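Presented below is the structure to which this report refers.
The values are calculated or read from the model by the stated rules, or taken from the named source; none is laboratory data. Note that the structure is predicted; figures quoted are calculated from it, not measured. Backbone-built Cβ (ideal geometry, glycine too); neighbour counts: all protein chains shown. What goes into the accessible areas is simple: the full protein's heavy atoms, side chains included, and nothing from ligands, DNA or RNA. Shrake-Rupley method; radii C 1.70, N 1.55, O 1.52, S 1.80 Å.
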Amino acid sequence: MAQKYYTLMRNGKIFVKLYFQILILIMSIRKIKLVFISLAAVMLVFLSCKGEEPANNNGVNKPKYIFLFIGDGMGQNHVALTQAYLASSEGKIGMGRVFFTDYPSYADCTTWCRNSQITDSGAAGSAIACGEKADYGVISYYPDFLPDQKPQSIAKIAHSNGMKAGIISTVSINHATPAAFYAVNESRGNYYEIGAQMPESGFEFYGGGGFKNSTGKNNDKEDLYQRATNFGYVITSDLNTISTTDTSATGVYFVNPVLRSESEMPYSIDREELGGYALKDIVREAIRFLDNENGFFMMVEGGKIDWASHENDAATMVHELIDFDNAVLEAYSFYMLHPDETLIIVTADHETGGFSLGNTSNDYDSNFGILGLQKCSVSYFAGLLSEYKQSTTVYELSYVTDLAMTDFFNQPLNLTAEDSVRITEAFDYYFNGVTHMTDSELYSAYGSSNPVAVTFSKILSDRAGVGFTTWAHTAAKVPVYSTGLKSLYFTGAMDNTGFHKRLVDFMGWKE
Ligand SMILES: [Zn+2]
């Protein structure tokens, strides 16, 4: 009996054990199922918000209109300083409105080039345009790639896939950044050879600055404007003629009616004095001219954000960035009319000047709005100073200081004793060639700018609380703001070769 009972008990135990093991198994299968189901659900949500945006009204879920805005030298702090300046000039603490910072997608982007941690615009423009790291100072030049595998600019690829293409810049049209989108050259300094490739691209719109070295370094070459005309381009400086251009023309090349010494457009801060159009005017007309059923790709460069930053001219930089934002707003207005088929990307090729919002002169204090007291750019004021220098041989410090108070500032600035010492040193050096500084001290004080002009600008930006670490570029990451179709592709951490790769990827373009 006991044996039977014992067997039963033992079997019962086994049975219970088995029962629980099966139960556990079922539960874990259920759990696994549950995990799978929730994973699938997450994936579905992810795909629905990341990749598979709804098809736009012509049934394809890829942008028909692509805007790529490049603020040359525009680091995160350039944007932040402009926002802080806008708030401060309204007497507020906080950040004023730079419109493209409202965009939903944000990334930060690395900028190093193939042979330098700190890039130039040529290599950076090449990486953005062609998706491959290039050497410092080249233009979309990839000697290591086989002839039939050379990286191509995204503008050329968009154009060969049926889109119209437009290239706009506030600097000369054969300068490094615009050149990277239509030319190939081993050196960004070969302006003539680069410019000669512009009409060969067949892109429908070029606008902004003129050709630098349009007849070659020695003025012995065919005029590049004539060459573009021979290729069927209509060249105009009258904005209103763009939209009436004959459609049989290869394209339009709009040259701003006012150009400075390097064939670039005037700074926005000097436009009241010098005239000419704003970047936004050119973008608006280019959109009208390029709009067509196959869409367009447009690269717009705010080139002189970099130039102002090379002079550590904070006030001019801020006005240049606001001008750039206004140009982006033109694209945004178009986007509002075509929300399901437009992509706008705003980024930079590198950071220039090592800008900071805060400096040793002020510690925790700042007054960024004071930058509004500056009336013209350092380079414009340098022009006035050089005119004075050529007009006489005996120079008056008081005359120069008065000139600054009337022509550089829009109201007289109270100068401290320390300010006066700095101004006198710069005056003596520039006008009389007298200085106690060594060459490296001179460089760190004035860079390669006009010593007197840069000193007045630095007195103001010091007071504002702006700091600089260099007259050159830095290796800092740059911001990427984007909105519209596929803008989610430009989020998180990215590299400047990622623009080309991601565009080609979701556009399904053949390289
Ligand atoms: Zn630069």
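Carbon-plus-sulfur fraction of the accessible area of the chain, 1.4 Å probe, in percent?
On the way: 12750 of 22830 Å².
Carbon plus sulfur share of accessible area: 56 percent.
Just by accessible area at a 1.4 angstrom probe, what is the order of ASP291, ASP144 from largest to smallest?
Of ASP291, ASP144, the descending order of accessible area is ASP144, ASP291.
Can you figure out the FRET efficiency of ASP291 with SER160, using R₀ = 22 Å and their beta-carbon distance, to the nearest 0.05? If you can, show how the numbers build up before the last one.
On the way: r = 19 Å, r/R0 = 0.88.
FRET efficiency, ASP291 to SER160: 0.70.
Give the distance, in whole Å, between the Cα centre of segment 220-250 and the Cα centre of segment 304-348.
Computed from Cα coordinates, the inter-centre distance equals 26 Å.
Probe 1.4 Å, all protein chains in place: accessible area of TYR277 in Å², nearest 10?
60 Å²
Quick one: what Rg and Dmax do you get for the chain from the alpha carbons, in Å?
29.2, 131
Please list, in order along segment 480-491, the HN-Hα scalar couplings obtained from phi with the Karplus expression 6.51 cos²θ - 1.76 cosθ + 1.60 (θ = phi - 60°), rounded to whole Hz, x for Gly and Pro.
Working through the residues one at a time gives 10, 10, 8, 8, x, 5, 6, 5, 5, 5, 10, 10 Hz.
Expressed as an acute angle from 0 to 90° and rounded to the nearest 10, what is the orientation of the C-alpha long axis of helix 498-507 relative to the principal long axis of the chain?
Once rounded, the angle reads 60 degrees.
Can you give me the accessible area per residue for the chain, using a 1.4 Å probe, in Å²?
On a per-residue basis, the chain sits at 45 Å².
Angle, helix 314-337 long axis vs. longest principal axis of the chain, Cα atoms, 0 to 90°, nearest 10?
Approximately 50 degrees, to the nearest 10.
Please report the accessible area of VAL421 (heavy atoms, 1.4 Å probe, ligands and nucleic acids excluded) in Å², nearest 10.
Solvent-accessible area, nearest 10 Å²: 80 Å².
What pairs in LYS133/LYS212; LYS133/LYS375; LYS304/LYS501 have C-alpha atoms more than 32 Å from each other?
Flagged as over cut-off: LYS133/LYS375.
Show log10 I(q)/I(0) for segment 174-245 at q = 0.14, 0.19, 0.26 Å⁻¹, two decimals, from a solvent-free Debye sum over equal Cα scatterers.
Each listed q corresponds, in turn, to -0.42, -0.76, -1.30.
Can you tell me the 0 to 90 degree angle between the C-alpha axis of helix 378-391 and the longest principal axis of the chain, rounded to 10?
10 degrees
Using a 1.4 angstrom probe on the protein heavy atoms only, line up SER172, SER243 by accessible area, largest first.
On the way: SER172 0, SER243 70 Å².
The ordering from most to least exposed comes out as SER243, SER172.
Please report, in whole Å³, the volume per residue of the convex hull around the C-alpha atoms of segment 373-467.
So the per-residue hull volume is 98 Å³.
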